[in-house]
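Input: a single structure, listed below in C-alpha cells.
The values are calculated or read from the model by the stated rules, or taken from the named source; none is laboratory data. Predicted, not measured: the structure shown is a model, and the values here were computed from it. Note that we place each Cβ from the backbone using ideal geometry, even for glycine, and neighbour counts take in every protein chain shown.
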Number of protein chains: 2
Amino acid sequence: MHGLMQDRPLSLPMLMDGLEHRFSRKHVTTTQPSGTVSTSYGDVAERVRRLAGVLDHLDVPAGARVGSFGWNSQRHLELYMAVPCSGRVLHTVNHRLFTEDIAYIVDDAADDVLFVDRSLLDVVHPLLDTCPSVRHLVVMDDGAPTELPTDPRVHDYETLLSAARPVAAFESVDERTAAALCYTSGTTGRPKGVLYDHRSIVLHAMTLLMADTFAISEDDTVMPIVPMFHVNAWGLPYAALMAGANLVMPGPVMSPERLVREMKACRVTFAAAVATVWRGMLPHLGDADLSALRRAVSGGGALPVSLSRAFHEKTGVPLASSWGMTETSPLVCSARVPSETAHSLTEDDRITALADPGPPTVLCSLRLVADDGSPAPRDGRHRGELQVAGPTVAAAYFGGSPQASAFTEDGWLRTGDVATIDPLGVVRIVDRTKDLVKSGGEWISSVELENEIMAMPDVLEAAVIAVPDDKWGERPLACVVPVPDSGLTAESVRRHLSGRVAKWWIPEKVVLLDGLPKTASGKFAKAALRRSMTTASG
Amino acid sequence: MHGLMQDRPLSLPMLMDGLEHRFSRKHVTTTQPSGTVSTSYGDVAERVRRLAGVLDHLDVPAGARVGSFGWNSQRHLELYMAVPCSGRVLHTVNHRLFTEDIAYIVDDAADDVLFVDRSLLDVVHPLLDTCPSVRHLVVMDDGAPTELPTDPRVHDYETLLSAARPVAAFESVDERTAAALCYTSGTTGRPKGVLYDHRSIVLHAMTLLMADTFAISEDDTVMPIVPMFHVNAWGLPYAALMAGANLVMPGPVMSPERLVREMKACRVTFAAAVATVWRGMLPHLGDADLSALRRAVSGGGALPVSLSRAFHEKTGVPLASSWGMTETSPLVCSARVPSETAHSLTEDDRITALADPGPPTVLCSLRLVADDGSPAPRDGRHRGELQVAGPTVAAAYFGGSPQASAFTEDGWLRTGDVATIDPLGVVRIVDRTKDLVKSGGEWISSVELENEIMAMPDVLEAAVIAVPDDKWGERPLACVVPVPDSGLTAESVRRHLSGRVAKWWIPEKVVLLDGLPKTASGKFAKAALRRSMTTASG
C-alpha cells in the first residue's frame, strides 16, 4: 500500500524560496585582495537566476558538466546553485592537482564550460586547447592581475550576467538527477569522480542542521575555510543557505592572519578547515576576539589533541573532529560526547574525546569488517575496516571506473580506514588499508610516487610511506634502494619527481636503504617500515 | 543524468540500528497507575522484533491496517516501530471520539487487528462485532481493572509476545510505502484518513532534530504529552528514537499533578502538549524543580501569551508555539525569533514572539492566497489562506474521500487557516475559513452540531460558533432560534445532543435568539455572530 503524501522532490531549487523571502537580507561576504564584498541572499538569488540564463545562452545542455576552478567566493556559491538548479552538473576541480591530473579530470568529466577565478587562469586556459569537450571559459574576476587572453571562447562572468535573461522559475528536478561531481584522489590509480544527486545533497545539508551534528542555524555565520572544490566544501554552503545562516568566504586570500582577521570581523560562529590550516592560524589567535565562535570543525585527516588543546586555550572552543570522504558527501561522523559519558569527563577529557571522529550522523549506517570478512564487534576494542551505507554515500564512480573493489557485493562503501566503534557509536580511526598519505587534507598516492621513483634506472626498488608531520598531519617518506654503486642521491630522486608529480607531493625525506622488508607474499612490509621509520625519524 | 549515490530508502527500519547499538542503554519510561516502568531501547528493539513476529503469527497481511487504541506508553511505542517496519500500517485511533465515529473510522480503515489498552477495552470490544474487518483484539495491560472478555479473538499482548518468534531482520521497505494512518476531524463531514509513508515520517523526524526546529538531541529526555493518536504524537517518538533521546510516556495517568511530577522525576528536557494541558499544569508548577526543561512546545491551537508568561514565571522557560495539521505530519511552523529581530527584543517581547507559530521548517513551502485567488504578499500585514506543500504534506485523503476542495489544482494543501507571513517568514494565524471549533487541541465540527440541533422539531434554525475559552482555547456556542411558543430551553437542546455527539462536543452555552444574522447569499453570518457573542459573553 502506497502512502498518500505529496510527491515533492528533495532538490536544490527548494532553497530558492528561502533566499528570496525569509533570508533575503542575510548575506555572503567574500574576501578579495582589495577588501571584502557583502551581498544579500536576495541579490544572490537574482544573480543565480541570471547565471542559469547564462548557461542557457551558452547552450549548455541538461546534464552537461560545468567545471569550476575557484576559491571560496560568492560567485562560486552562485555556481553551486545555478548549475544544479537548472539541471546541469557542477564539477568542482581541485586546481592544486598536478596539471596532467587536471587535464585528465576535465577530459574524463567531459566538461562543457569552465568557470575560473582570474587568479587561476594560467592553470586553466591551456585546457581550452587540450580538452576537446570544453567550448567556453568564463572568467570570474577575483582581483588578480592575470591578463585575459584574447580568445572568442573566453568570457567575463559579470558581462555575461548583466546581459543574461534570468530564469523565472526553476523546473522541478527529479531528486535522483545528478547535481555535482567531485573527483577524489583518495584511491590508487587515476582520480575517480563521485556524482552526487540532488537528493544526497539536500539530505546531507539537512543532517548538518541537526543539533547533534553541526547544528547550523539561522543565527550562525558560517565560514567554510575548506575549499569549495573539496566535496562541496563539506556541504556547508548548502547547509547555510538551507538554514539561512550568513556565509563568509575567504576568497583567494588564504593566509592564516587574514583568515583570523575575517573570523573576527564577521563574528564567525562556525568554521571548518583541515587541521593544517587550524595549526597555521594558532600563532595569530593571540589578540583576536573570537567570542562569537561556537564551533570549529576539523576534518580531512586526523586531529591531534595537542592542536585542539592549544586552540581551546586561545579561543575557549576546542576543535571538533569530523570524518568523511569524497564518496560520502562527505560527513559520516561528527565529534560529540554521548550523554552517558559526558558527566564524568573533565574539560581536558572532553577536548580529547572531541578529537575522535565521533558517532555517525542519522543517515549513515556503519559496520566494521574484520580481515576474515566477519563483522567485528562494536566494543571499542576490536578493529575492522570501516564500511558505510546510506543515501549520501556513493554506489559507484562516475563513468563506471573499474574500482569495484571500493564497494562490497551488498553495496556498502569500503572506506579503506581501519577503525573501532565503541558501544555508544563513537568511531576511532586506527589505521588505513589503502596505500595513501594524507597531507594537509589532500591525498597523495604512495603507489604513484613509487612508480615514478622506480622508473629511475638507478633505483632497484622503492616504497613510500606516510610519516606523522606536525604541520601537514602526514608527509610521504620515500625509502629507496639504489642500484649498487650507481651514485643515486636523495636529491636526484627529488629532482626526478619534480615536474612528474605535483610539487607538494615530493617527499622532503628520501632515505637510501640496502633493502626493504617484505611480507611473506613478497610485498613491501609497509607497516614494519612505517614503524621503524617513525621511530628513527622521531 | 542520474546521480550515482546509493539507493537507500528513508524508512523506519533504519532506526533499529541505533536502538540496538548506540542507544541500547537509553530508555523509555512509562507511567502506570502502579508506578513507572523503564525499559532500555535495547530491550525495546528485541520486543519490536517479537511484536513483528506476533503480526506474522496473526497472519496480518502486508499493507493491512493495525488499529491502536492506546495512551502514550512503551507498548504503543513498540507498535509505532513493529507495525510499519514489518510492512503493515499503524492506524492510531482517537478513543475520545464519539462511538459512532470510532466505528466509522475502524470500518473505513478496514483495520485487521486492534491493539487496545486495557483501560479502553469497554470502548473497543464492541467493535469486534460491529466492524467485520477486525479479526483480532490484543489487550495491552495498563493496570486498569477492566475485566477481560472470554472471547477467542481477544489476546493478551505479553502472552503473544513471549510466544512469538522474533523477526531477525526487517526487509528493506520502499520509502513510499504506507506506514501510518491517522484520521482528522478537522474537516467538515466524516473524519478523513491521512496516510503517511515511511519517507514522510523519516523526513519529519529529521526536521525535529534540527537546531532551529525542536533541536531534539541525544542529550534530551522527551515527554510527548500530546497523545500518540494525535498525528503520531507530533512525530516526537520517532524523532526521539532517531536522535537517541530518552522518552517519558505519561500512560493513562494524565492528571496535571502527575504530569508535573513525572517531568521533575525524569528530568524532562523537552515536552509538548496542547495549551489546555499546559494551563492545567500551571497551578502545580509551584515547587517543582523543572530546571532540566529546555523547551516546552504548545501546539494544536492558539497559544495565549498570558499562559506562556505565567509558565515562564514558574519555570524560566516560555512556551513555544507550533503549528500544523494531521495533513502535515504535523509540524509546519515552529516558533523562533529570527536573528535579525532577536537583539532588539525584551524578554517579554520574546515570550510574545514565541506565541506565534513562527517560520516554516525547511521542507515546507508556504504561500498565502487572497480571496480572489491571487498571491498575498509576505509583508506581515496582508492576509490570505495559508497553503502548504512539501514531502511531509498529504496529497489526498485515504480512500480517495471526496474532499478535493482541501487541495488546490497544483497540489497544495489548503489549510483553512487565514494567516499573515512577515518578511522573515514568521507566520501568524489570524482567522479560519473552515467552520470548526478547536477545543483542547481537538476539532469540533460546527456543522455537525448545527445539523443535530436543527433536527429538533422545536428549532427553526441554529448556528454554532467558536468562542474563546480560558481553559480549552475555544468552546462551541450554540445560537438557536426556537419555533415560537415551542417552549424550547437551552437545557433541552443540550439534553438532545447528549448521546448524539461526544460529551465534550456539547456546548456549555446555548443562547436562544429571535433570528440569526445572514449574509447576502442567505448563509449564517458567523463572523458577525462571533463578534456580537464574544462581546456579549466577554
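Screening region A:1-116 for helices (runs of 4 or more DSSP H) wholly inside it with 3 or more residues that are away from chain B (no Cβ under 14 Å) and modelled with pLDDT under 95 returns the ranges A:99-109. Among the residues of region B:171-214, the ones that are part of a strand (DSSP E or B) and within 26 Å of B:Ser321 (Cβ to Cβ) come to 8 in all. No other residue among B:Lys523, B:Lys471 is more than 24 Å from B:Ala275 (Cα to Cα), exposed (fewer than 14 other Cβ atoms within 10 Å of the Cβ) and either in contact with a Cys (Cβ under 8 Å, 6 or more places away or on another chain) or not hydroxyl-bearing (Ser, Thr, Tyr) (or both) apart from B:Lys523.
Set side by side, the residues A:Ser365, A:Ser329, A:Ser334 differ, and just one is among the hydroxyl-bearing types (Ser, Thr, Tyr) and more than 25 Å from A:Trp278 (Cα to Cα), which is A:Ser365.
Residues considered: B:Pro256, B:Pro283. Of these, the only one that is surrounded by fewer than 22 Cβ atoms within 10 Å (Cβ to Cβ) and touching a His at 6+ places or on another chain (Cβ under 7 Å) is B:Pro256. Checked against (1) over 30 Å from B:Gly400 (Cβ atoms); (2) surrounded by fewer than 20 Cβ atoms within 10 Å (Cβ to Cβ); (3) not basic (Lys, Arg), A:Tyr41 passes all but condition (2). In region A:198-214, the qualifying residues are those that are within 7 Å of chain B (Cβ to nearest Cβ) and farther than 14 Å from B:Met5 by Cβ, and the one that is surrounded by the fewest Cβ atoms within 10 Å (Cβ to Cβ) is A:Ala211.
Residue under question is A:Gly193, and the condition is that it be over 28 Å from A:Leu354 (Cβ atoms) and within 14 Å of chain B (Cβ to nearest Cβ); does it hold? Steps first, please.
Working: over 28 Å from A:Leu354 (Cβ atoms): yes; within 14 Å of chain B (Cβ to nearest Cβ): yes.
When the stated conditions are applied, A:Gly193 passes them.
Go through region A:255-272 and give me each residue that's of a type in the set (A, V, I, L, M, F, W, C) and over 15 Å from A:Ala233 (Cα atoms). Listed by number, the residues that qualify are A:Leu259, A:Val260, A:Met263, A:Ala265, A:Cys266, A:Val268.
Would you mind stating whether B:Thr346 is over 26 Å from the mean Cα position of the chain (by Cα), β-branched (Val, Ile, Thr) and within 13 Å of chain A (Cβ to nearest Cβ)? Walk me through it before giving the result.
Details: over 26 Å from the mean Cα position of the chain (by Cα): yes; β-branched (Val, Ile, Thr): yes; within 13 Å of chain A (Cβ to nearest Cβ): no.
Considered against the rule, which asks whether it is over 26 Å from the mean Cα position of the chain (by Cα), β-branched (Val, Ile, Thr) and within 13 Å of chain A (Cβ to nearest Cβ), B:Thr346 comes out as no.
For region B:403-431, filtered to residues that are hydroxyl-bearing (Ser, Thr, Tyr) and over 17 Å from B:Val231 (Cβ atoms), the residue that is farthest from the other protein chains (Cβ to nearest Cβ) is B:Ser405.
I'd like to check something: does region B:32-44 contain any residue that is closer than 21 Å to B:Phe398 by Cα and among the small types (Gly, Ala, Ser)? Reasoning before the result, please.
Going through region B:32-44, the residues closer than 21 Å to B:Phe398 by Cα turn out to be none.
Taking every residue of region B:32-44 in turn, none turns out to be closer than 21 Å to B:Phe398 by Cα and among the small types (Gly, Ala, Ser).
Could you please let me know if B:Leu319 is within 14 Å of chain A (Cβ to nearest Cβ) and among the aliphatic types (A, V, I, L, M)? In short, no.
Scanning region B:338-368 for residues that are out of contact with any Leu (no Cβ under 9 Å at 6 or more places or on another chain) and of a type in the set (Val, Ile, Thr) returns a single hit, B:Thr346.
Residue check: is B:Gly400 assigned by TED's automatic domain parsing to the domain that holds B:Trp504 and under 28 Å from B:Met228 (Cα atoms)? No, not satisfied.
When region B:327-339 is filtered for residues that are in contact with a helix residue (DSSP H, G or I) (Cβ under 7 Å, 6 or more places away or on another chain) and within 12 Å of chain A (Cβ to nearest Cβ), the ones remaining, listed by number, are B:Ser329, B:Val337. Being among the hydroxyl-bearing types (Ser, Thr, Tyr), surrounded by 20 or more Cβ atoms within 10 Å (Cβ to Cβ) and either out of contact with any His (no Cβ under 6 Å at 6 or more places or on another chain) or at pLDDT 95 or above (or both) is a property that A:Ser308 has. Checking each residue in region A:364-374 for being touching a helix residue (DSSP H, G or I) at 6+ places or on another chain (Cβ under 9 Å) and part of a strand (DSSP E or B) picks out A:Ser365, A:Leu366. Residue count for region A:22-38 satisfying the condition of being more than 24 Å from the chain's Cα centre (by Cα) and buried (at least 22 other Cβ atoms within 10 Å of the Cβ): 3. Within this structure, A:Glu257 fails the test of being touching a strand residue (DSSP E or B) at 6+ places or on another chain (Cβ under 8 Å), acidic (Asp, Glu) and under 30 Å from A:His76 (Cβ atoms). Residues in region B:117-142 that are in contact with an Asp or Glu (Cβ under 9 Å, 6 or more places away or on another chain) and part of a loop (DSSP other than H, G, I, E, B): B:His125, B:Cys131, B:Pro132, B:Ser133, B:Val134, B:Arg135, B:Asp141, B:Asp142. Pick from region B:375-386 the residues that are more than 12 Å from every other protein chain (Cβ to nearest Cβ) and assigned to a strand (DSSP E or B): which of them is surrounded by the most Cβ atoms within 10 Å (Cβ to Cβ)? Filtering first and then ranking leaves B:Leu386.
Taking (1) more than 18 Å from the chain's Cα centre (by Cα); (2) within 10 Å of another protein chain (Cβ to nearest Cβ) in turn, A:Leu241 satisfies each apart from (2).
State which residue is surrounded by the most Cβ atoms within 10 Å (Cβ to Cβ) when the search covers only region B:215-234 and only residues that are assigned to a loop (DSSP other than H, G, I, E, B) and within 13 Å of another protein chain (Cβ to nearest Cβ). Ranking the candidates gives B:Ile216 first.
Checked against (1) more than 13 Å from chain B (Cβ to nearest Cβ); (2) among the β-branched types (Val, Ile, Thr); (3) over 27 Å from A:Gln32 (Cα atoms), A:Thr150 passes all but condition (3).
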